[in-house]
Amino acid sequence: VPGRAVRSAGAERAVRAREVLEGRMADPPTLAGLAAELGTSSFALLRAFKDVYGMPPHRWLTDARVRAARRLLDGGTAPAEAAVAVGFTDQPHLNRHFSRIVGVPPGAYQRERLR
């Protein structure tokens, strides 16, 4: 029986995937595109990413975007501008994820922080 090449991502590819996602937060590649760029399969990359970071790449990216938006809001950036800067489609998109992760909408968060 001919041998089959085993494709695996491994921890180093998961780390590299995170670096790519951080660098292209506003316009990230698809999972398939990211896997192809890293020379692995989507399934192997997804499995490795979950093993290393405890969540799939898309969820990690959403959390990273919210963290970046918090930093911008702390610096006085308007919520709508922060949303676009970190890769959300609009302010309601940021509001939904920000409220779920932080517990309050971005506008309320910013008003409390800037007092």
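The values are calculated or read from the model by the stated rules, or taken from the named source; none is laboratory data. These figures come from a predicted structure and were not determined experimentally. Here Cβ is always computed from backbone atoms with ideal geometry, including for glycine, and neighbour counts include all displayed protein chains. Surface areas here come from the heavy atoms of the whole protein model, side chains and all, with no ligands, DNA or RNA. Shrake-Rupley method; radii C 1.70, N 1.55, O 1.52, S 1.80 Å.
Here the chain is assigned +1 on the Cβ of each Lys and Arg and -1 on the Cβ of each Asp and Glu. Its dipole about the Cα centre then comes out at about 300 debye.
When nucleic acids and ligands are ignored and a 1.4 Å probe is applied, residue 40 ends up with an accessible area of around 10 Å². With a cap of 13 neighbouring Cβ atoms within 10 Å, and only residues DSSP puts in a loop, list the trypsin sites (Lys or Arg not before Pro) found in region 23-85. Sites meeting the loop and neighbour criteria: 24. The residue 99 and residue 32 beta-carbon pair, evaluated with R₀ = 30 Å, returns a calculated FRET efficiency of approximately 0.50. Charges were assigned to the Cβ only: +1 to each Lys and Arg, -1 to each Asp and Glu. The resulting dipole of region 61-114 about its Cα centre is roughly 140 debye.
State the label only: which of (1) 17.0, 70; (2) 16.3, 60; (3) 13.9, 48 corresponds to Rg and Dmax of the Cα atoms in Å computed from the shown model? Correct label, based on the coordinates given: (1).
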